[in-house]
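Remarks on the structure that follows.
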Amino acid sequence: MLSTSKRLLAGTLLSLASAVAAEVSPVAPPFRFDDLSGQALSLGTLRGRVVVLSYWATWCAPCKAELAMLDRLYRTRHADGLQVIAVTNERAVSAARLRSWTSNLAFPIVLAKPAQDRGYGPIGGILPTIYVIDRAGLIRVRRSGTMPEAELVRLLAGLLAEAAPADR
């Protein structure tokens with residue numbers, strides 16, 4: 001069995017060498033999470049917004065860098081309809097500890113519950129993994145490994161420029 005550091009190195013190398021990126025447009029499966037303060041977040045209540053789900057772990061250096069980048073984007077584009085949700089499944093880390101590590105982030109941090117986020121999660125077990133869901137509730141990007149900031153900025157600019165669905 002690989003140690004945490006060897007898993008991190010292997011995952012980082014794999015994600016750098018062959019990040020899985022696929023632009024797709026299936027209907028996003030529903031999800032429901034409770035953030036660290038107990039507030040519920042669901043895809044249904046976020047319809048009309050561009051949603052970024054970022055799967056991460058406290059031990060993952062590329063994840064932390066991506067969270068910082070997502071925080072910058074969220075702070076500048078939230079008013080335009082961007083919602084970022086950082087998802088971790090680290091059961092060994094207390095909510096209080098997660099809160100202290102992520103207190104500088106402006107977006108919600110949630111604990112993954114497999115029964116509530118089916119259809120999502122780390123792709124191939126690689127972190128970070130990111131999902132981008134458009135205003136109409138379609139998955140536009142699924143990607144394991146880090147996503148370059150310039151690429152994400154371009155993608156989000158286009159999605160945020162799209163009109164929200166009329167049936168909102």
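Every number here is computed from the coordinates shown, using simple stated rules; none is lab data. None of the values given here were measured: they were computed from a predicted structure. All Cβ positions, glycine included, derive from the backbone under ideal geometry; neighbour counts span all protein chains shown.
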*Do you know which residues across region 58-72 are surrounded by fewer than 18 Cβ atoms within 10 Å (Cβ to Cβ) and either more than 15 Å from the chain's Cα centre (by Cα) or not basic (Lys, Arg) (or both)?*
58, 59, 61, 65, 68, 69, 71
*Tell me, which residue of region 129-160 that is among the charged types (D, E, K, R) and touching a strand residue (DSSP E or B) at 6+ places or on another chain (Cβ under 8 Å) is farthest from residue 48 (Cα to Cα)?*
143
